[in-house]
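J.: One structure coming up, written as structure tokens, with questions to follow.
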Amino acid sequence: MELTVGTFNLNNLFDRWNFAGAVEVLAAGTSSVPATYTFDNEDRRRLQLDGHGKLLVAKPPEDTARIAERLLAADVDVWVVQEIENVDVLREFNRDHLGGAYEHVMVIDGNDSVRFIDIGILSRRPLGGVTSYQRVFHPDVPDRPIFSRDLVEAEILDSTGRRILTIFGTHLKSKFVDFTVADPVAAAAAAQLLRQRQAETITRIIAARTSSRQRYLLCGDMNDTPDSPALVAYEQAGLVSALLSPTEVGTVKTTVELPASPAWTSTFKETGQPRSFDLIDQIWLSPALAPRLTGAFIGRRRKLARDGTDHDPAWVTLDL
């Protein structure tokens, strides 16, 4: 039995309308809307803000169409997707943009109180038990949950209901540092320490939930490179990176010199610095699953800056 599993950060797949224009019309008065809207003050017009006070709006239609095109082109059985607002928007996306290609859709609201982004699963295979670890704590940080988003565990079943694979999906703390913070260096160090503790917690959970003979994988947006100090716990736990020598699917149209290694899913150009190409979207295999790896792929973007999202999807084929 062949199974394909992938990870893809869809970049702000929100179920939000941009109400700014409509609110202005309503405030002026209109007979075309069968309702009465009362605003106590100007601030009440902001219908949904993120943790920084920014209005949440729906993903641009052209970007939504493009990520759907990229998902369908990869033709993967099970996707772990990041930056989903809620299960309704993922169901709608699957229905309206993927043609209902995935019968099983799952999202559990996580811990993100700033951007409200969660982890989701799109699967052609039946799902068994699904577990969220959002309420897990790290011993060095006992006063708040360690995951700023979540760690999700899902059982993938065959047609008879037998478990064929266990998937752990996550989205670790970002490297982004707000330019308004007083000490950017300290903020970056704190973010790295949080990623490290999140990775340590993930390996601890996996060790408690699995055996050495079990086939499982860990995937998601790790927001750091596989060889970074923050993610050292993965290799220490015996996990095997599946994307050391991936096959590129598609070609970037750019005049920028690309790295010799195709093992990258994200690129960033900091002012005054050379462009970086990093493998922050990763797939790690259990020792028992690693010999079953038959292929690893990264779906290459068309445009270097972004192509519906600023991430490239990565997926593997497994002989189960």
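The values are calculated or read from the model by the stated rules, or taken from the named source; none is laboratory data. Computed from a predicted model, the values in this text were never measured in an experiment. Here the Cβ positions follow ideal geometry from the backbone for every residue, glycine too, while neighbour counts run over all protein chains shown.
J.: Check the range 278-290 and report whether any residue there is surrounded by fewer than 19 Cβ atoms within 10 Å (Cβ to Cβ), in a strand (DSSP E or B) and of a type in the set (S, T, N, Q). Before you say what the answer is, go through the steps one by one.
T.: Filtering the range 278-290 down to residues surrounded by fewer than 19 Cβ atoms within 10 Å (Cβ to Cβ) leaves 287-288, 290.
Next, only the ones that are in a strand (DSSP E or B) stay: none.
No: zero hits.
J.: Regarding the range 106-118, can at least one residue be identified that is aromatic (F, W, Y) and without any contact (Cβ under 8 Å) to a residue 40 or more places away in the chain? Please lay out each step first, then the result.
T.: Filtering the range 106-118 for residues aromatic (F, W, Y) gives 116.
Still in the list and also without any contact (Cβ under 8 Å) to a residue 40 or more places away in the chain: none.
Within the range 106-118, not a single residue is aromatic (F, W, Y) and without any contact (Cβ under 8 Å) to a residue 40 or more places away in the chain.
J.: While we're on this one: What single numbered condition from (1) out of contact with any Pro (no Cβ under 8 Å at 6 or more places or on another chain); (2) more than 16 Å from V249 (Cα to Cα); (3) at pLDDT 95 or above fails to hold for A305?
T.: (3)
J.: Considering only residues of the range 135-172 that are of a type in the set (D, E, K, R) and buried (at least 16 other Cβ atoms within 10 Å of the Cβ), which is nearest to I205 (Cα to Cα)? Can you show your working first?
T.: Initial filter on the range 135-172 (of a type in the set (D, E, K, R)): 135, 140, 143-144, 149-150, 153, 155, 158, 162-163.
Applying the additional criterion that residues be buried (at least 16 other Cβ atoms within 10 Å of the Cβ) yields 149-150, 153, 155.
Values: R149: 16, D150: 12, E153: 10, E155: 15 Å.
Only one residue tops the list, namely E153.
J.: Among (1) crowded, with 20+ Cβ neighbours inside 10 Å; (2) at pLDDT 95 or above; (3) not basic (K, R), which single condition is A191 missing?
T.: Looking at each condition in turn, A191 falls short on (2).
J.: What is the residue count in the range 64-97 for residues that are closer than 22 Å to S159 by Cα and surrounded by fewer than 17 Cβ atoms within 10 Å (Cβ to Cβ)?
T.: 1
J.: Another question, then. Scanning for something more than 20 Å from the chain's Cα centre (by Cα) and closer than 19 Å to L72 by Cα, does the range 265-280 turn up at least one residue?
T.: No - not one qualifying residue is present in the range 265-280.
J.: Now a separate question. Could you tell me which numbered condition V107 fails, if it satisfies all but one of (1) more than 19 Å from T64 (Cα to Cα); (2) touching a strand residue (DSSP E or B) at 6+ places or on another chain (Cβ under 9 Å); (3) at pLDDT 95 or above?
T.: Single failed check for V107: (1).
J.: What strands (runs of 3 or more DSSP E) completely inside the range 150-222 contain at least 1 residues that are within 27 Å of L10 (Cα to Cα) and touching a Pro at 6+ places or on another chain (Cβ under 9 Å)? Reasoning before the result, please.
T.: Numbers: elements: 151-157, 163-171, 216-221.
Those strands (runs of 3 or more DSSP E) span 151-157.
J.: On to the next question. Is it the case that the range 88-96 has a residue that's touching a helix residue (DSSP H, G or I) at 6+ places or on another chain (Cβ under 8 Å), of a type in the set (A, V, I, L, M, F, W, C) and modelled with pLDDT under 60? Lay out the reasoning, then the answer.
T.: Keep residues of the range 88-96 that are touching a helix residue (DSSP H, G or I) at 6+ places or on another chain (Cβ under 8 Å), which gives 93.
This time we only want the ones that are of a type in the set (A, V, I, L, M, F, W, C), so: 93.
Okay, now just the ones that are also modelled with pLDDT under 60, so none.
Scanning the range 88-96, I find no residue that is touching a helix residue (DSSP H, G or I) at 6+ places or on another chain (Cβ under 8 Å), of a type in the set (A, V, I, L, M, F, W, C) and modelled with pLDDT under 60, so the answer is no.
J.: Sticking with this structure for a sec: Being assigned to a loop (DSSP other than H, G, I, E, B), surrounded by 17 or more Cβ atoms within 10 Å (Cβ to Cβ) and of a type in the set (V, I, T) narrows it down to one residue among T309, T251; which is it?
T.: Values: T251 fails: surrounded by 17 or more Cβ atoms within 10 Å (Cβ to Cβ).
On inspection, the qualifying residue turns out to be T309.
J.: Right, next: Which condition from (1) in the same structural domain as L172 (by TED's automatic domain parsing); (2) modelled with pLDDT under 60; (3) not basic (K, R) is the one that P34 breaks?
T.: Result: P34 passes all but (1).
J.: In the range 117-128, is there at least one residue being surrounded by fewer than 17 Cβ atoms within 10 Å (Cβ to Cβ), part of a strand (DSSP E or B), over 17 Å from the mean Cα position of the chain (by Cα) and at pLDDT 95 or above?
T.: Yes: one or more hits.
J.: Condition first: buried (at least 18 other Cβ atoms within 10 Å of the Cβ), over 14 Å from the mean Cα position of the chain (by Cα) and outside any loop (DSSP other than H, G, I, E, B). Now tell me which residues in the range 98-112 satisfy that.
T.: The one that is buried (at least 18 other Cβ atoms within 10 Å of the Cβ), over 14 Å from the mean Cα position of the chain (by Cα) and outside any loop (DSSP other than H, G, I, E, B): V105.
J.: Now a separate question. Going by the conditions given, is A314 of a type in the set (G, A, S), buried (at least 22 other Cβ atoms within 10 Å of the Cβ) and under 23 Å from E83 (Cα atoms)? Before the answer, list the steps.
T.: Working: of a type in the set (G, A, S): yes; buried (at least 22 other Cβ atoms within 10 Å of the Cβ): yes; under 23 Å from E83 (Cα atoms): yes.
So A314 fits the description; yes.
J.: If you don't mind, there's one more thing I want to ask. What's the number of the only condition in (1) touching a helix residue (DSSP H, G or I) at 6+ places or on another chain (Cβ under 9 Å); (2) free of Cβ contacts under 8 Å to residues at least 12 places away in the same chain that L122 fails to meet?
T.: Here L122 meets the rest and fails (2).
J.: Mind checking whether some residue in the range 65-84 is closer than 25 Å to P313 by Cα and modelled with pLDDT under 95? Give the derivation first.
T.: First, the residues of the range 65-84 that are closer than 25 Å to P313 by Cα: 65-84.
With modelled with pLDDT under 95 added as a condition, the list becomes none.
There is no residue in the range 65-84 that is closer than 25 Å to P313 by Cα and modelled with pLDDT under 95.
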